[in-house]
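Following: one structure in structure tokens, then a few remarks.
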Amino acid sequence: MRLITLPTVWTVLLDALAWGIIQTLISWMAMHFPERWIHPNRGFYQTFKFEEDGRIYQNLFRVKNWKGRLPYGGSLFQDEFTMRTLGAVSEAHIHRWLKETCRSELSHWLAILPAGLFFLWNEWWVGMIMIVYALAFNLPLIITQRFNRPRLRKMLAIFLRRTRQPNA
């Protein structure tokens, strides 16, 4: 049962405004997450065995076919770093990319959580639609980060092997 009853037009406007504020606020907060929250090889950022180094996402969802069409919201708040293209291939840059995949993943997990708030002023079935929306909008971005991270780790390992080999 909703706690606040508004005319339909105001409810729709409130929903749109709430999602805009929530997504923007969480994106902004993500840019300021402490470094200790975004270590690529710890916690839920690590690649789990069932993910098969990210291949599960390609096999199930064909990530390579659509990941390039996803919106990139980090450019609203971030410096010159972009996740659209890999850019410079250096150890520091690949490490930064790895951290940014973690930052992005965490922000999208957090962006799903507020969906329950919409039950406060919407009918229950609209609240359910808001949960579906939150999942539909954020899960593809989470999947993309989980797909990219093992590939970046492999790229870093290859880069380090090549740059640290003694000259023959």
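The values are calculated or read from the model by the stated rules, or taken from the named source; none is laboratory data. For clarity, every value in this text was computed on a predicted model and none was experimentally measured. No Cβ is skipped: glycine too gets one built from the backbone with ideal geometry, and neighbour counts run over all protein chains shown.
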Filtering the stretch 1-44 for residues that are among the basic types (K, R) and in a loop (DSSP other than H, G, I, E, B) leaves a count of 2
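Which one is nearest to N65 (Cα to Cα) among residues in the stretch 127-157 that are small (G, A, S) and surrounded by 15 or more Cβ atoms within 10 Å (Cβ to Cβ)?
Step one: filter the stretch 127-157 for residues small (G, A, S), giving 127, 134, 136, 157.
Among the residues that remain, those that are also surrounded by 15 or more Cβ atoms within 10 Å (Cβ to Cβ) are: 127, 134.
Details: G127: 31, A134: 22 Å.
My answer is A134.
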Pairing a residue in the stretch 149-168 that is under 20 Å from S104 (Cα atoms) with any residue that is at pLDDT 85 or above and not in a helix (DSSP H, G or I), where Cβ atoms lie under 9 Å and the two sit 6 or more apart in sequence or on different chains, gives R149/P40; R149/Q46; R149/T47; P150/T47; L152/P40; R153/P40; R153/N41; R153/T47
Selection from the stretch 125-143 of residues in contact with an Asp or Glu (Cβ under 9 Å, 6 or more places away or on another chain) and within 17 Å of R103 (Cβ to Cβ) yields L141, I142
Every listed condition ((1) within 12 Å of the chain's Cα centre (by Cα); (2) at pLDDT below 95; (3) not charged (D, E, K, R)) holds for T144 save (2)
Expected output for the stretch 26-44 (first residue more than 21 Å from F137 (Cβ to Cβ) and surrounded by 11 or more Cβ atoms within 10 Å (Cβ to Cβ), partner at pLDDT 90 or above and of a type in the set (F, W, Y), Cβ below 9 Å, 6+ apart or cross-chain) is I38/Y45; H39/Y45
Per the filter on the stretch 108-126, residues closer than 16 Å to I26 by Cα, surrounded by 15 or more Cβ atoms within 10 Å (Cβ to Cβ) and over 13 Å from the mean Cα position of the chain (by Cα) are P114, A115
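Tell me the residue from R69, R62 that is among the charged types (D, E, K, R), modelled with pLDDT of 95 or more and surrounded by fewer than 16 Cβ atoms within 10 Å (Cβ to Cβ), please. Let's see the steps before the verdict.
Details: R69 fails: modelled with pLDDT of 95 or more.
So the residue among R69, R62 that is among the charged types (D, E, K, R), modelled with pLDDT of 95 or more and surrounded by fewer than 16 Cβ atoms within 10 Å (Cβ to Cβ) is R62.
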